[in-house]
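Inspection log for the structure reproduced underneath, given as structure tokens.
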Amino acid sequence: MEPLNRLATELIDEAIDFADELAIDVYTLEGDAAVVDFGVDVPGATEAGLLLAEIQTAGLATIQTAVADAGGRPRTHVELSTDHPALALLCASKGGWELSVDGFEGLGSGPARALSPKSRSTSRRATARLPTSRC
């Protein structure tokens, strides 16, 4: 299996290619880094949200919307399924990477989180029984 970041990068490239259709925006920063806005300063869309969730799981989960009755009314909800829960949910998307930049504080998640030194112990525990680990 490819490393999680490589799997996610392929999906990010797809998002960039279809930015107009997804109602997202792409900003290039100094040093050629790209920031993809899925809904902060742009409207975003349901398909954009589904693709973002797929990126967050490094493409190792299937994410879709469905409609079911809740409280006597039809409600749209999100369904996620994966054959790789340790990789998709713990290694690729678990939050908790503390970020602080220019007065902004937040939590990072997604496949890049596997690069954080603090996440490596979680990755080791989550993948200890897997035949090969690609966190």
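Every number here is computed from the coordinates shown, using simple stated rules; none is lab data. This structure is a prediction, so every number in the text was calculated from the model and none was measured. Ideal geometry is used to build each Cβ from the backbone, glycine not excepted, and the neighbour counts take in all protein chains shown.
Given the C-alpha centroids of the stretch 69-93 and the stretch 23-53, what is the distance between them in whole angstrom? That distance is 22 Å.
Assuming a ≥ b ≥ c are the square roots of the Cα gyration tensor eigenvalues, decide whether the stretch 4-127 counts as rounded (a/c under 1.5), prolate (otherwise, with a/b larger than b/c) or oblate. Oblate is the answer for the stretch 4-127, as a/c is 1.5 or above yet b/c matches or exceeds a/b. When each of the peptides 92-100, 25-33, 74-82 is scored by how many other beta carbons lie within 10 Å of its residues on average, the order from highest to lowest is 92-100, 74-82, 25-33. Modelled label positions at residue 10 and residue 104, each set 7 Å beyond Cα in the direction of Cβ, lie 2.9 nm from each other.
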